[in-house]
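Note sheet for the following structure.
The values are calculated or read from the model by the stated rules, or taken from the named source; none is laboratory data. From a predicted model like this one, the values you see are computed outputs, not experimental measurements. Glycine gets a Cβ as well: all are built from the backbone with ideal geometry, and neighbour counts include every protein chain shown. In case anyone asks, the SASA skips ligands and DNA or RNA and just uses the protein heavy atoms, side chains included. Shrake-Rupley method; radii C 1.70, N 1.55, O 1.52, S 1.80 Å.
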Amino acid sequence: MKRLVEPTLPVLVGLLAAACGAPRAKLAPPPPVSPATAIVGATLWDGTGRAPVTNAVTVVRGDRILCAGAASECAVPHGARVIEAKGQYLIPGLIDSHVHLLFLSQGSAGEALGLDLRDLLAQGVTTVRDMGNSPSALLSRVSGFEAAPRVYAMQLVAGRRFFFNGIRPVRTDRGMVYRQAPALTMQWLGWTPIQYNRGDDPAAVVAAARAAGAMGLKLYAQLDSVSVRLLTQAAHRAGMPVWGHAWLQPASVGDESAAGMDGVVHAAGLTGELYAAEERDTLVNDGDLQAVTARVATPVSAHDPRILTTLDSMAARGTMFEPTLDATRHSLVAFDARRRHVPSLQEDYVRAAAQFGVEVTREAVRRGVRISAGSDHVAYGPVSERASLLGELRMLVDSIALSPTAALLAATRDVARAIGGEAGRRVGTIEAGRYADLVLLSKDPLEDIDHLDSVELVMRGGRIWRPGQLRSGIAMR
Ligand SMILES: [Zn+2]
């Protein structure tokens with residue numbers, strides 16, 4: 001029997017509001033007024049493209065920037081906390097668009113991860129994008145640390161061969177070596193690559209990535225050009241960016257750019273353009289990529305017409321290029337420092353990749369390809385052996401001849417746009433409404449990029465950290 005009086009939905013909503021919302025609001029104390037902070041007197045380089053503003057005022061309230069500019073553009077609010085910064089330089093918080101923070105089997109999940117995050121913040125890095133990880137495991141661990149950059153995670157995707165190839169004994173000149181599938185090595189680190197095969201629903205991959213907390217896809221290996229296109233289209237329909245390893249065996253960098261991908265990483269991967277699609281499709285075993293790179297990547301082959309065609313396509317389509325030169329340089333330095341020389345494929349690969357990568361990046365810049373300064377930093381091992389954003393910026397200025405301003409844009413505004421999502425809207429420049437992520441330096445970084453190591457204070461989301469305190473582990477107030 002139907003009940004005679006049945007409350008309708010609007011009535012229920014009204015009753016609930018009356019029961020919990022409205023009366024209590026009257027009793028609640030007024031929200032605390034968060035006092036503004038004003039950084040006064042610094043030379044402001046806001047990353048928007050405008051010239052530096054001397055004797056600037058930058059006002060922050062809560063986690064946002066209220067205004068920034070000349071004193072006439074931005075007034076110091078009454079009662080604001082004032083930070084005198086005369087003779088100093090204020091720039092946007094730096095973005096390292098290529099890090100790997102999570103190594104469960106190597107210990108960078110707990111305290112070591114916390115120390116690395118503090119160290120990144122002390123260098124003025126207020127945002128990082130992790131390019132290989134388990135998004136859910138990484139993001140939940142990072143949320144436990146107060147002193148940390150913002151962390152965005154990408155979801156790794158690879159084809160079937162990445163998960164099954166390689167499980168076999170291999171005879172080498174040093175005896176039998178038992179190889180495992182590359183995906184197993186990754187999973188052993190605690191990473192969670194998703195498998196995609198032709199015929200699978202690309203939207204399901206995108207949904208799984210989103211459910212894990214990822215902000216985009218990183219296509220990693222063993223994907224053909226059709227898969228690359230389908231995954232890119234599905235991710236873009238969902239508003240997620242797609243970046244990829246260069247190259248994807250068999251898909252080339254040219255295929256990645258043509259598919260509309262947002263960015264490709266690793267300059268040495270342009271080697272793939274020197275092979276036909278059918279040849280690339282045979283390079284499926286672990287080590288094949290290194291072997292062919294060691295064989296054909298030279299300072300001369302970096303200027304091969306096939307590579308130039310791909311770079312031109314990247315420039316025309318706006319595909320971002322992340323060369324990761326500092327990581328290769330670190331490997332090179334490690335080989336040079338060895339007391340006893342033992343020839344190895346890995347060393348041949350690194351030596352070839354280093355020279356080739358610099359030449360390819362020079363060509364890319366010459367042809368108008370946009371650069372992002374991601375470093376491929378890892379959160380374990382001796383700190384001196386970890387690639388860094390400052391190291392990458394030094395390479396871009398010293399070896400590629402970018403101006404310090406252009407290099408800084410590759411670690412602020414330009415890369416924020418290319419990362420997309422919240423990062424595109426909220427970080428990368430000092431403008432009203434953006435997150436209050438700032439770095440105050442005692443020396444001018446536009447004069448010499450090395451001056452980025454003169455950090456006085458780092459602000460992340462309105463909260464101030466001093467490098468000395470971050471590095472010594474002294475608690476902050
Ligand atoms: Zn990487």
Could you check the spin-label model distance between Leu184 and Arg463? Points 7 Å from the Cα along Cα→Cβ, value in nm.
4.2
What does the charge dipole of the range 295-407 about its Cα centre add up to, to the nearest 20 debye, if the Cβ of each Lys and Arg holds +1 and the Cβ of each Asp and Glu holds -1?
80
Using just the C-alpha positions of the range 53-121 as equal point scatterers, what log10 of I(q)/I(0) does the Debye formula give at each q in 0.16, 0.21, 0.22 1/Å?
-0.73, -0.92, -0.97
Quick one: if you stick a label point 7 Å off each Cα along the C-beta vector at Ala112 and Val333, how many nm between them?
2.0
Computed FRET efficiency, Cβ-Cβ of Thr309 and His78, R0 51 Å: what is it to the nearest 0.05?
0.25
Considering only DSSP beta bridges whose two residues both sit in the range 66-189, what percent are antiparallel, to the nearest 5?
40
If you take every DSSP beta bridge fully contained in the chain, what fraction is antiparallel? Give it as a percent rounded to 5.
45
For the Ala208, Arg367 Cβ pair and Förster radius 25 Å, calculated FRET efficiency rounded to 0.05 is 0.10
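What shape does the range 181-287 have by the C-alpha gyration tensor, where a ≥ b ≥ c are the square roots of the eigenvalues, rounded means a/c under 1.5, and otherwise prolate means a/b greater than b/c and oblate the rest?
oblate
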Along the charge dipole of the chain, which of Gly132, Thr48, Met459 sits closest to the positive end, that is, farthest toward it, with unit charges on the beta carbon of Lys, Arg, Asp and Glu (+1, +1, -1, -1)?
Met459
Relative contact order as a percentage, the chain, C-alpha pairs under 8 Å and 6+ apart, gives 18
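Would you kindly calculate the translational diffusion coefficient of the range 61-193, applying Stokes-Einstein with the Kirkwood radius from alpha carbon pairs, for 20 °C and a viscosity of 1.002 mPa s, and quote it in µm² s⁻¹ without decimals?
For the chosen part, D equals 116 µm²/s.
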Just order 338-348, 356-366 by mean Cβ neighbour count inside 10 Å, highest at the front, would you?
356-366, 338-348
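Mind checking the dipole of the range 104-154: about its Cα centre, +1 per Lys or Arg Cβ, -1 per Asp or Glu Cβ, Debye to the nearest 20?
Dipole of the range 104-154, to the nearest 20 debye: 140 debye.
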Within the range 430-457: backbone nitrogen closer than 20 Å to the Asp398 label point (7 Å, Cα to C-beta)
443-455
Once you wrap a convex hull around the alpha carbon atoms of the range 234-315, what is its projected area averaged over all directions, in nm²?
5.6
Please arrange Lys218, Lys86, Lys443 by accessible surface area, largest first, computed with a 1.4 Å probe and ligands excluded.
Lys86, Lys443, Lys218
Once you charge only the Cβ atoms, +1 for Lys and Arg and -1 for Asp and Glu, what is the size of the charge dipole of the range 399-464 about its Cα centre, to the nearest 20 debye?
460
Toward the positive end of the charge dipole of the chain, about the Cα centre and with charges on Cβ (Lys, Arg +1; Asp, Glu -1), which of Ala387, Ala75, Val170 goes farthest?
Ala75
For the range 345-443, what does the alpha-carbon gyration tensor say about shape, rounded, prolate or oblate, given a ≥ b ≥ c as the root eigenvalues, a/c under 1.5 as rounded, and a/b over b/c as prolate?
prolate
Rg over Rh [alpha-carbon atoms, Kirkwood Rh] for the chain:
1.03
Run the quick spin-label model on Val177 and Arg50: label points 7 Å from Cα toward the beta carbon, then report their separation in nm to one decimal.
5.6
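Which value in deg cm²/dmol, rounded to the nearest 500, describes the helix-derived mean residue ellipticity at 222 nm for the chain, given -39,500 (n - 2.57) per DSSP H run of n ≥ 4 and division by the residue count?
-10000 deg cm²/dmol
Provide the gained length on full extension for the span Glu447 to Glu278, in nm with one decimal, where the gain is 0.36 nm per separating residue minus the Cα-Cα distance. Intermediate results must be reported in sequence, preceding the final value.
Numbers: separation 169, 0.36 × 169 = 60.84 nm, distance 4.84 nm.
Roughly 56.0 nm would be gained on extension.
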